[in-house]
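The structure appears right after this line, and notes come after that.
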Amino acid sequence: MKKTLLLFMMLLYIHIGEARIIPCIDERFELTSITFALAGVPEFCESKISSYFRDLDYFTPYELTEPINYVRKLNQEYKIGYNAVANVTAFLEIKKGRVTLRSDISNLAEIDSRWNEKLLTEYIRMLNRFYKESKFDVFFNNHKELYKIAEERMGKYFANINLNEWLNSFYGRGMNQDLNIYISLINGRHNYAFPGGVIIGVIGDEEGLPTPNLQSLPILVHEILHHYTNSIFFAFWDEMKDTANKIYPFINKEMTKIAYGNAQTMALEWLNNLFVLTYLKQINYETMEFNLAQDMQKGFIWMQRSMDFMDNFNLNRERYMSIEKFMPQLISFFKYIANNFDLVIKEYEYLSPFITNIFPAPNTSLIRVDEIIITFSQPMNGSYGFCGVPSGCEPLPVDFNKVKWSDDKCSFIMKLNSETKKYNCKYGVKLNPNAFQSSKYYNLNNNVDCDLVFY
């Protein structure tokens, strides 16, 4: 009996310790995402699975019907989109061809204030009409094989991820076995956490089939951590509110672009992103520096400082048994950032590379010139790109087979094709500032003149 009990406890420990991540595609989420895609809501029109997106033509006859027009109204008049769709979808059921709200849900507005009973009741009524009239179940069942490929590929990728130990150490509690992990073939780059689960988009491979990539892990971790970070954040929000409101006007433009429309959302996402980066750094994840740079360029320009400050948490774990114990320190750090934000802005501006010189100099002749050399202020990562030509110019006669970087990655060398070069011709090229990145993944400085003209 003791041996049996011991074996049972060992198996239970192994099961809990693994806390396997098993993603699935759910008819409810495909249904609601597709209705918003048909309504032309931008964030639902970014599917990276080309064959699947083409198959949405099946629904073309329904784009101007009353159900889809109502979805447009929800989006345009009531600003319902992004995670508001996932928040309500999680509480829907589809049984015997009928879409209903779960019986145990009494007040969805407490979960998402963008919804109210009137809007939700009408939306569910319209969903039912669309589901039946379009024979949505037929579309869904016809794509079961594609869904299976997505589930198997993403499941295999996530199989080796064990967040449980880190979650226990960092938050003081492990992986929630009841957390549902959904994947969507419609959502593209958009991912959301909602009560009881997360949903992440997926990209396509060369054959147009769903597949994971190096960003699949950071995305999944970001959404899972929201289920741990949010409760801590809201417990301390009153102490952070004034600071967040002080910072937000400086980065309002950048935050609006990524749908973080207020100071509270900005502060929550900063904190959650910081914890994601902390995890990626601990496991030596290969894109950690890239993800850090991305967060900075999205508007969290104090994220490098935040990561440096988090080293104090890691070096003093005997004092701070969980991140919640460290929050007073993070809040004081946040206030310090707000009080010195002008300096933070200047510091950030110097992270982006800029052009130090161009030879031959712009607006000079290319006669007897074999190459153009562009020198940058810091080593670059080897990427480059162009976006057309300045007005009134012909394309620069570059031999793209001979474009190269100097050994120190500070100079970009464009070999010119002497056979196509013409006299008395105005040549030009527009450098793509997002394609020229430093070795630390920062884009070319926004103040750089990217229009190069020669004669």
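Only the coordinates and a few stated rules stand behind these numbers; no lab work does. Small disclaimer: the values here were computed from a predicted structure and weren't measured. Cβ coordinates were reconstructed from backbone atoms using ideal geometry, including for glycine residues, and neighbour counts include every protein chain displayed.
What residues from the range 400-434 fall in the zone where the backbone N is under 16 Å from a label point 7 Å along the Cα-to-C-beta line of R368? Answer for this model: 423-424. The distance separating the Cα centre of the range 32-66 from that of the range 237-307 comes to 31 Å.
Just one of (i) 25.9, 95; (ii) 22.8, 76; (iii) 57.4, 212 is Rg and Dmax of the Cα atoms in Å as worked out from the coordinates here. Which one is it? Read-out taken from this structure: (i).
Neighbours of F130, meaning other residues whose beta-carbon lies under 15 angstrom from its beta-carbon, give a summed charge of +1 when Lys and Arg score +1 and Asp and Glu score -1.
Each of the peptides 425-432, 155-162, 198-205 was scored by the mean count of other Cβ atoms within 10 Å over its residues; in descending order, highest first, they stand as 198-205, 425-432, 155-162.
Note on K135: lysines with a C-alpha under 20 Å away, same-chain residues under 8 apart excluded, are K95, K96, K144. Summed over qualifying helices (DSSP H, 4 residues or more, each -39500 (n - 2.57)) and divided by its residue number, the chain shows a 222 nm mean residue ellipticity of -15000 deg cm²/dmol. Using the Cβ-Cβ distance between T265 and N168 with R0 = 35 Å, the FRET efficiency computed as 1/(1 + (r/R0)^6) comes to roughly 0.80. In this simple spin-label model, placing a label point 7 Å from the Cα along the Cα-to-Cβ direction at both S51 and N381 gives a separation of 3.1 nm.
For the range 216-349, dividing the convex hull volume of the Cα atoms by the residue count gives 108 Å³ per residue. Against the main long axis of the alpha-carbon atoms of the chain, helix 117-133 sits at an angle near 80°. Between M307, F275, T265, the Cα set farthest toward the positive side of the dipole of the range 216-349 (charges on each charged residue's Cβ, about the Cα centre) is that of T265. Shape of the range 16-211 from its Cα gyration tensor (a ≥ b ≥ c, root eigenvalues): rounded if a/c is under 1.5, otherwise prolate when a/b > b/c, or oblate? Oblate is the answer for the range 16-211, as a/c is 1.5 or above yet b/c matches or exceeds a/b.
The DSSP beta bridges internal to the chain are antiparallel in roughly 80% of cases. Partner aspartates and glutamates whose Cα lies under 16 Å from the Cα of K132, excluding those fewer than 8 positions away in the same chain, are identified as E27, E30, E63, E66, E93, E122. Kindly express, to the nearest 10 degrees and within the range 0 to 90, the angle between helix 323-339's C-alpha long axis and the longest C-alpha principal axis of the chain. So the inclination is approximately 40 degrees. The residue list P218, G97, N363 was ranked by how far each Cα lies along the charge dipole of the chain toward its positive end, using unit charges on Cβ atoms, and G97 comes out on top.
With 28 Å as the limit, the listed pairs K253/K409; K48/K404; K79/K253; K156/K257; K415/K440 have K253/K409; K48/K404; K156/K257 beyond it between alpha carbons.
Per the Cα gyration tensor, the range 319-450 maps to an equivalent ellipsoid with semi-axes of 43, 15, 12 Å, ordered largest to smallest. Can you tell me which aspartates and glutamates have their Cα less than 19 Å from the Cα of K246? Leave out same-chain residues fewer than eight positions away. Partners found: D238, E254, E269, D342, E347. In degrees between 0 and 90, to the nearest 10, how far off the longest principal axis of the chain does helix 303-315 point, with axes built from Cα atoms? Between the helix axis and the principal axis of the chain, the angle is about 50 degrees.
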